[in-house]
Amino acid sequence: MILEALGSVILGLALAWAAVSRLPERLPSRPLVLTAGLFGALFGAWLTHAAVGPGHPFATLVGAAAVGAVSLSLLLRPTGRIRRRSAAA
């Protein structure tokens, strides 16, 4: 369990670092992104470990990566300006 948690922390930080380095203009501050990646991966590891049980470290890391990526995707801002049509048009 400790190694799964440590692996998910490393995985979450790696995902967050990759997101910050590839999309710096679409993400908020670096500490917020790193924290969201870390806690998203930890929550994903806990959730997957609770669902599949002990003895499945690969599945736990896959779940950690999935939830970590989803939590990082929630921080993304739109690239351009949002166009809205008026109700009268």
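The values are calculated or read from the model by the stated rules, or taken from the named source; none is laboratory data. Since the structure is predicted, the reported quantities are computational estimates derived from the model, not experimental observations. Cβ: placed from backbone, ideal geometry, glycine included. Neighbour counts: every protein chain shown. For the accessible areas, the whole protein counts, side chains as well, though only heavy atoms, and no ligand, DNA or RNA atoms are used. Shrake-Rupley method; radii C 1.70, N 1.55, O 1.52, S 1.80 Å.
Summary of values
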| read-out | value |
| --- | --- |
| Filter result for P78 (modelled with pLDDT of 90 or more, assigned to a loop (DSSP other than H, G, I, E, B) and open to solvent by 40 Å² or more (accessible area, probe 1.4 Å)) | no |
| Count of residues meeting criterion [open to solvent by 40 Å² or more (accessible area, probe 1.4 Å), farther than 12 Å from G68 by Cβ and either polar (S, T, N, Q) or touching a Pro at 6+ places or on another chain (Cβ under 6 Å) (or both)] in region 1-56 | 2 |
| Checking L27 against (1) touching a Leu at 6+ places or on another chain (Cβ under 7 Å); (2) assigned to a helix (DSSP H, G or I), the condition it does not meet | (2) |
| Qualifying residues in region 57-75 (those that are of a type outside the set (G, A, S), assigned to a helix (DSSP H, G or I) and touching a residue at least 40 places away in the same chain (Cβ under 8 Å)) - the one surrounded by the most Cβ atoms within 10 Å (Cβ to Cβ) | T60 |
| Sole exception among (1) assigned to a helix (DSSP H, G or I); (2) under 11 Å from the mean Cα position of the chain (by Cα) for I10, by number | (2) |
